[in-house]
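Coordinate-derived values only; no laboratory data. Since this is a predicted model, take the numbers as computed values, not measurements. Cβ coordinates were reconstructed from backbone atoms using ideal geometry, including for glycine residues, and neighbour counts include every protein chain displayed.
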Amino acid sequence: MADRSSLPPPAVDAARRRWLQGLGAAALAAGGTVAAAPDARARTTKTNAHIVIAGSGLGGIAVANRLARQLDGAKITIVDAKQEHNYQPGYTLVATGVWPIEKIRDRNADYLPAGAEWVQEMVAEFDPDANAVVTTGGRRIGYDYLVVATGLHLDYAQIEGMDVAAIGTNGLGSVYASPQAAQATWRAMDAFRRQGGHAVMTLPAGPLKCAGAPLKMTFMVADRLRQAGTLGKSQVDFFTGLPTDTVFGVKVVNDAVLKRWDAIGVERHHLQKLVAVDIGARKATFASPEGEKTEVGYDFLHVVPPMRATDAVKHSKLAWQEGPMAPGGWLEVDKVTLRHPRYPNVFGIGDINGTPRGKTAATVKKSAPIVVHNLVEVIAGREPDDEFDGYTSCPLIVREGSAMLIEFDYEGRLTPSLPMIEPLQESYMAWLMKYSMLKPAYVAVLKGRV
Ligand SMILES: Cc1cc2nc3c(=O)[nH]c(=O)nc-3n(C[C@H](O)[C@H](O)[C@H](O)COP(=O)(O)OP(=O)(O)OC[C@H]3O[C@@H](n4cnc5c(N)ncnc54)[C@H](O)[C@@H]3O)c2cc1C
């Protein structure tokens, strides 16, 4: 691991820390739950229903904790083989040398509600016609209600020659794969910034979790080069499958990013999809929509894989059967109630949802209370009446010590929730939120407290 001593945490004096703690409380409130504090509206509903939750990431655990509090007598079963809990929003901080890896590794067992059953296997098959899931070990588990929270699948296999185990070697980086991959990405970036050279950053078209992460990595590689005094003899190129002048789905945010990249000399190459990498020779191959291929040499490559639904959902009747979400196999849900339109005892939460935007922890924060409220209404024999507006947010790091806090809804409208932070304007405050406040907020979401 590289020497991180040159990268001190932001210094905060005691008075400022107290003020920031106040802001931390505001951060927890961000996302609209101020008006509808879940505990205020929570009531205990008596039921002997069996609820199965597939997936114990942020969405699955947040829903489990809320259901455990709001239901009296229900049986809750969580199905997921994963033991470790990872704070994924911290991956970009680890991959750029800001945080040590320990800050993003935790244990699922510490967050699951007491009394819930944890089946430590994966769901191999969803059988919604029979109200059952089948585990990888062959166990068939029936349910009255199902919450699908399996996250998504990182489809590195679509990139010929890509080897996740090689991240960190030969200038190869990829923040998404795991905490270890994030740490190894910093190893590669750190070695690269000392010499300088050609950085090739990538972004596929299609739904992504934290679509801001590839942009943050690009800002940060340029900043690390600048700090090392090697930016002047380096070139940072950004290759994306998206059309001309598009790197982010919300236009005003997109334009703010492009303006900054033009100023620091990041060059863009659009409609270019990463299709192959020769790790040993440090060559990446991109294809245009017409199939024309271009080979590009690099000193540092940041790979962002295409993303799709997990296999078990993709190959089930729960997936969208038609429309733009069908090819990726995303879970079909009503985008407002987050209830499955064809299987009314099924709800979805988090990255797996085939909704127009989202795929962030901030989306889970805002939507978990809504999913739980609507599910409890259905259990009680009523119609779901809480509505999700598609809220998501992204602290877009622009350099060490500065970020823009972007919040928006399904329509791409900016929805700033903290009066002291101006969206689109970079600030130390937004950086500090990312650096020190959002993890406690995440843990509060996990525990179902906000
Ligand atoms: C690099 C990176 C940066 C990010 N930055 C931010 C950020 O700045 N801000 C932000 O808000 N969000 C950010 N996110 C996104 C955020 O972490 C995710 O949106 C959030 O974790 C989604 O929660 P989830 O529960 O849907 O999925 P996950 O937390 O990924 O959990 C999915 C769970 O489902 C399990 N699972 C998978 N398949 C099955 C199966 N068949 N059966 C049972 N279980 C299964 C998995 O083992 C896993 O435990 C970032 C993510 C990454 C990777």
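Can you give the alpha-carbon Rg of the chain over 2.2 N^0.38 Å, where N counts its residues?
Dividing the Cα radius of gyration by 2.2 N^0.38 Å gives 0.97.
So how far, in whole Å, is the C-alpha centre of the range 300-379 from the one of the range 170-233?
If you average the Cα positions of each part, the centres end up 29 Å apart.
At a Förster distance of 35 Å, what's the computed FRET efficiency of R449 paired with V252, Cβ-Cβ distance as r, to 0.05?
0.60
Hey, fewest Cβ within 10 Å first, where do D351, D237 land in order?
If I rank by nearby Cβ atoms, fewest first, I get D237, D351.
Compute the FRET efficiency between A81 and D129 as 1/(1 + (r/R0)^6), taking r as their Cβ-Cβ distance and R0 = 30 Å, and round to the nearest 0.05.
According to the calculation, E is roughly 0.75.
Apply 1/(1 + (r/R0)^6) to the Cβ-Cβ distance of A205 and T45, taking R0 = 35 Å, and write down the FRET efficiency to the nearest 0.05.
Rounded to the nearest 0.05, the efficiency is 0.20.
With runs of 4+ DSSP H residues as the only contributors, calculate the mean residue ellipticity of the chain at 222 nm using -39,500 (n - 2.57) per run, divided by the residue total and rounded to the nearest 500.
-8000 deg cm²/dmol
Write down the Å³ per residue value for the convex hull defined by the alpha carbon atoms of the range 159-242.
So the per-residue hull volume is 96 Å³.
At q = 0.12, 0.15 Å⁻¹, work out log10 I(q)/I(0) for the range 156-305 with the Debye formula, treating every Cα as an identical point scatterer and leaving solvent out; two decimals please.
Per q value, in the given order, log10 I(q)/I(0) is -0.44, -0.71.
Measure nothing but the geometry: give the 0 to 90° angle between the long axis through the Cα atoms of 58-70 and the longest principal axis through the Cα atoms of the chain, rounded to 10°.
On a 0 to 90 degree scale, this one is about 30.
Assuming a viscosity of 1.002 mPa s and a temperature of 20 °C, what translational diffusion coefficient in µm² per second does Stokes-Einstein assign to the range 282-366, Rh being the Kirkwood radius over Cα pairs?
So the translational diffusion coefficient is about 142 µm²/s.
Could you state the angle between the C-alpha long axis of helix 213-228 and the longest principal axis of the C-alpha atoms of the chain, as a value from 0 to 90 degrees rounded to the nearest 10?
On a 0 to 90 degree scale, this one is about 30.
Can you tell me the orientation of helix 361-379 relative to the chain, as the angle in degrees between its alpha-carbon axis and the longest Cα principal axis, to the nearest 10?
On a 0 to 90 degree scale, this one is about 10.
Setting aside same-chain residues fewer than 8 positions from K293, which lysines have a Cα under 17 Å from its Cα?
By straight Cα distance, K293 reaches K273, K283.
Identify the residues of the range 425-443 with backbone N under 20 Å of a label point that sits 7 angstrom from the Cα of I264 along the Cα-to-Cβ direction, or state none.
Only 425-436 fall inside the zone, counting backbone N under 20 Å.
Quick one: length gained pulling D144 to M420 fully straight, 0.36 nm per residue minus the C-alpha distance?
94.9 nm is the gain from fully extending D144 to M420.
Mind sorting W330, W431 by how few other Cβ atoms lie within 10 Å of their own Cβ, fewest first?
By the 10 Å Cβ count, ascending, the order reads W431, W330.
So which of K233/K434; K82/K103; K365/K447 end up more than 20 Å apart by C-alpha?
K233/K434
With just the Cα atoms defining each centre, how far is the range 239-265 from the range 95-116? Give it in Å.
Going from one Cα centre to the other spans 32 Å.
What is the order of W320, W186, fewest Cβ neighbours within 10 Å to most?
Sorted ascending by nearby Cβ count, the order is W320, W186.
At what distance in nm do the modelled label points of Q235 and D106 sit from each other, each positioned 7 Å from its Cα along Cα→Cβ?
Computed distance between label sites Q235 and D106 equals 4.3 nm.
Residues with beta-carbon under 11 Å from that of L258, excluding L258: net charge, scoring Lys, Arg +1 and Asp, Glu -1?
Charge balance near L258 sits at +1.
About its Cα centre, how strong a charge dipole does the range 156-305 have in debye, to the nearest 20, once Lys and Arg get +1 and Asp and Glu get -1 at the Cβ?
500 debye
Between E295 and Q158, 0.36 nm times their residue separation minus their Cα-Cα distance comes to what?
Once the chain is fully extended between E295 and Q158, it gains 47.6 nm.
Give the percent of DSSP beta bridges with both residues in the range 175-293 that are antiparallel, rounded to the nearest 5.
Around 40 percent antiparallel, to the nearest 5.
Could you give the spread of the C-alpha atoms of the range 73-211 along their three principal axes, from largest to smallest, in whole angstroms?
For the range 73-211, the Cα extents along the three principal axes come out at 61, 32, 25 Å.
Which is farthest toward the positive dipole end of the chain among V250, L418, F347, measuring Cα position about the Cα centre, with Cβ charges +1 (Lys, Arg) and -1 (Asp, Glu)?
Farthest towards the positive pole: L418.
Which loop trypsin sites (Lys or Arg not before Pro) in the range 319-358, with loop taken from DSSP, have no more than 14 other Cβ atoms within 10 angstrom of their Cβ?
Loop-located and lightly packed - R342.
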